[in-house]
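A.B. asks: One structure, as structure tokens, below. Some questions next.
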Amino acid sequence: MLWLWVLLGVGATIFAWAALIERNLFTVKYDSVAILPKGAKPIRVLHISDIHLAPWQKRKQRWVSKLAELKIDLVVDTGDNLGHRDAIKPALECLAPLVSLPGVFVSGSNDYYEPTLKNPLAYLAKPSSPSQLHRIDTETFTRELEAGWLNLNNRSGELTVKGTRLGFVGLDDPHDQLADYDSIEEPKNVDVLIGVAHAPYLRVIEELGSSDIIFAGHTHGGQVCLPGGRAIVTNCDLPARNARGLSGWETDKGYTFLNVCAGLGTSIFAPVRLFCRPEVRVLTLLPKD
């Protein structure tokens, strides 16, 4: 009988750590990739994703509001910023210092609809079904982001950062089947082409394969992982080994890199992270040798 009490105690300790401690241990992950033209100046990119902000999450709001201090050249936001219908104002307030910097964004399903209660074990069998019950005022949120950033939801665009012409092609949320793969015209005569989407489905990687690099979120890095941060699921068809970080892909359109951010949040109905600290990623783009 003692072993049962020990097992329950260990389980309760793990759950308390995942629900109360680790999900609030926000961190910055650093990496680099050489995709810029020879002689170009390095570009520091802040990749932020899956904040899933709720109005009462003051610690997260304060942490996000200080990210501009990282001396960033470009911000890439891959969606799911909102995690509650009343989160628009606090999300805009904490993102304001970043919106003043050059940046681009796409939306995730939680930027359109508020979260609903689901069986968390269902994620082990297949990707979650999109929630489309209660609409959020997405238009207001998007309009405020557009004051400083390029909206890449099924759109393309260009920015010049530190003398390098960056072209962008973006998709609206593939997980919610909002991506329009055929409507986007890739920018011409740019130095680097960057793809942006919320969910890194394999089709997304193929469709954006002519990009030098693709930025995505959605996976939460697995959220509840095995020791060592080994993801079990990705909530899409991306292999679990690629649930976060930088990886290389051969596509029909060419070779591309994929950078997946494990994100800062969780659904308010599943507020746990285990062996998977919440993160943003700073990726330095370097010139090719």
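A.B. asks: Of all beta bridges DSSP finds with both residues in the chain, what is the antiparallel percent, to the nearest 5?
C.D. replies: If I count the DSSP bridges inside the chain, around 40 percent turn out antiparallel.
A.B. asks: Just to be sure I understand: with springs between alpha-carbon atoms less than 10 Å apart, which residue in HIS47, HIS134, HIS220 has the highest mean-square fluctuation in the Gaussian network model of the chain?
C.D. replies: HIS134
A.B. asks: Quick one: among GLY263, GLY39, GLY148, which has the greatest mean-square fluctuation in a GNM of the chain with alpha-carbon springs under 10 angstrom?
C.D. replies: Greatest mean-square fluctuation among the candidates belongs to GLY39.
A.B. asks: Sticking with this structure for a sec: Rounded, prolate or oblate: which one fits the stretch 72-199, using the alpha carbon gyration tensor with axes a ≥ b ≥ c (rounded when a/c is under 1.5, else prolate when a/b beats b/c, else oblate)?
C.D. replies: Oblate, since a/c reaches 1.5 and b/c is not below a/b.
A.B. asks: Once amide H atoms are built 1.01 Å from N in the peptide plane, which residues 5 or more positions from THR251, or in another chain, come under 5 Å H to H?
C.D. replies: Result for THR251 returns THR256.
A.B. asks: By accessible area of protein heavy atoms, probe 1.4 Å, what ranking do PHE257, PHE26, PHE168, PHE15 get, highest first?
C.D. replies: The ranking, largest first, comes out as PHE15, PHE257, PHE26, PHE168.
A.B. asks: Let me ask something else. If each DSSP helix of 4+ residues adds -39,500 (n - 2.57) and the sum is divided by the residues in the chain, what number results at 222 nm, nearest 500 deg cm²/dmol?
C.D. replies: Calculated mean residue ellipticity at 222 nm is -5000 deg cm²/dmol.
A.B. asks: Shape of the stretch 124-203 from its Cα gyration tensor (a ≥ b ≥ c, root eigenvalues): rounded if a/c is under 1.5, otherwise prolate when a/b > b/c, or oblate?
C.D. replies: oblate
A.B. asks: Could you please state how large a percent of the accessible area of the chain is carbon and sulfur, counting protein chains only and using a 1.4 Å probe?
C.D. replies: Carbon and sulfur: 56 percent of the exposed surface of the chain.
A.B. asks: Right, here's the next one. Mind checking which of SER183, LEU67, PHE168 is farthest towards the positive end of the stretch 43-191's charge dipole, using Cβ charges of +1 (Lys, Arg) and -1 (Asp, Glu) about the Cα centre?
C.D. replies: Comparing the listed Cα positions along the dipole, LEU67 ranks first.
A.B. asks: If you don't mind, another one. With an 8 Å cut-off on Cα pairs and a minimum separation of 6 or more residues, tell me the relative contact order of the stretch 161-266 in percent.
C.D. replies: 24 percent
A.B. asks: Compute the separation of the alpha-carbon centres of the stretch 1-80 and the stretch 200-220 and state it in Å as a whole number.
C.D. replies: When both Cα centres are located, 20 Å separates them.
A.B. asks: Give me the distance in nm between label points sitting 7 Å out from Cα along the Cα-to-Cβ direction at ASP180 and LYS288, one decimal.
C.D. replies: It works out to 3.3 nm between the two label points.
A.B. asks: Starting from the Cα of ALA19, move 7 Å in the Cα-to-Cβ direction to define the label point; list residues of the stretch 264-289 whose amide nitrogen is under 19 Å from there.
C.D. replies: Counting only backbone N, you get 265-278.
A.B. asks: Pick from VAL196, VAL260, VAL161 the residue whose mean-square fluctuation is largest in a GNM of the chain, springs joining Cα atoms under 10 Å.
C.D. replies: Between VAL196, VAL260, VAL161, it is VAL161 that shows the largest mean-square fluctuation.
A.B. asks: DSSP H helices in the chain with Cα extent of 27 Å or more along the helix axis and mean Kyte-Doolittle hydropathy at least 1.6?
C.D. replies: Span-like helices, by this rule, are absent here.
A.B. asks: How much accessible area per residue does the chain have, in Å², with a 1.4 Å probe?
C.D. replies: Numbers: 13300 Å² over 289 residues.
Counting only protein heavy atoms, the per-residue value for the chain is 46 Å².
A.B. asks: Okay, moving on. If the cut-off is 14 Å between C-alpha atoms, which aspartates and glutamates fall inside it for LYS288, apart from same-chain ones fewer than 8 positions away?
C.D. replies: Output for LYS288: ASP191, ASP212.
A.B. asks: What order, most packed first, do the peptides 87-94, 228-235 have when packing is the mean number of other Cβ atoms within 10 Å of each residue?
C.D. replies: 87-94, 228-235
A.B. asks: Once the whole set of protein chains is in place, how much accessible area is left on TRP63, using a 1.4 Å probe, in Å² to the nearest 10?
C.D. replies: TRP63 has an accessible surface of roughly 60 Å² with all protein chains in place.
The values are calculated or read from the model by the stated rules, or taken from the named source; none is laboratory data. Just so it is clear, the model here is predicted, and its values are computed rather than measured. Every residue, glycine as well, gets a Cβ built from its backbone with ideal geometry; the counts of neighbours run over all protein chains shown. Each accessible area value is taken on the protein alone, full model and side chains, heavy atoms only, with ligands, DNA and RNA left out. Shrake-Rupley method; radii C 1.70, N 1.55, O 1.52, S 1.80 Å.
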